[in-house]
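**Q** Provided herewith is a single structure, encoded as structure tokens, for subsequent inquiry.
The values are calculated or read from the model by the stated rules, or taken from the named source; none is laboratory data. Given the structure is predicted, the values throughout are model-derived calculations rather than measurements. Every residue, glycine among them, receives a Cβ derived from its backbone with ideal geometry; neighbour counts consider all protein chains shown.
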Amino acid sequence: MKLAFLASHGGSAARHIASACASGVLNGIPVALASNNSRSPALLWAQQAGLKWAHLSSARIPDADALDAAILEFLLESGADTLVLSGYMRELGPRVLGQFAGRVVNVHPSLLPRHGGRGMYGDRVHEAVLAAGDTESGATVHLVTQGIDEGPVLAQSRVSVLPGDTLESLKARVQATEGDLMLEALRTLQDVGKGNRFAHSPPPSLPPQG
């Protein structure tokens, strides 16, 4: 498994996965990272780690189709066969999604399909969980498709929502599960032949909460 990453900020998932590859926990090779943020700490990390790297954003390439093509060219040149979104705050274009169908993974900080969809990211998700009165939350690693947060689920972690929880306390407990959850999902992709069986599968449903 040759892994490329897209990150907007620190790239914590990318770092966790790279460490797991180095230690033999995951059978993979990190090869590239691109960011839409020229000041992203993830870009500096990628340079220091010897990965192929690039700043690819709408600020540099305003046309959405041209940007999609540039990201795809970068990924293909890196030799990557699997793409991990590591806190990437932009939607992927149809070129990248088409070329890497069934091989793009993302972690979302809730138990999808609850609290997913357009505009639901970061702190907004945890705020929604608390506002809904859910008794349980967690993280979901899913395949990325054209529908926002609608791709097949690969792995989920669950944490209790405790009385008196704040956004920060809930967020911290959910985030603590995300790194190992991503590793579990990537091993699942390896086990099913790079995830091809998931490319057009509907996501499983979860019972309602709250």
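**Q** Counting just the residues of the range 118-144 that are at pLDDT below 95 and of a type outside the set (D, E, K, R), which one comes out farthest from ALA176 (Cα to Cα)?
**A** So the residue we want is GLY119.
**Q** Would you say GLU178 is modelled with pLDDT of 95 or more, of a type outside the set (Val, Ile, Thr) and assigned to a helix (DSSP H, G or I)? Outline the logic, then answer.
**A** Values: modelled with pLDDT of 95 or more: no; of a type outside the set (Val, Ile, Thr): yes; assigned to a helix (DSSP H, G or I): yes.
The answer is no for GLU178.
**Q** May I pose another question? Collect the residues in the range 12-36 that are among the polar types (S, T, N, Q) and assigned to a helix (DSSP H, G or I), keeping them in residue-number order.
**A** Hits for the range 12-36 are SER12, SER19, SER23.
**Q** So is VAL31 touching a helix residue (DSSP H, G or I) at 6+ places or on another chain (Cβ under 7 Å), within 22 Å of ASP191 (Cβ to Cβ) and surrounded by fewer than 22 Cβ atoms within 10 Å (Cβ to Cβ) or not?
**A** Judged against the criteria, VAL31 is a match.
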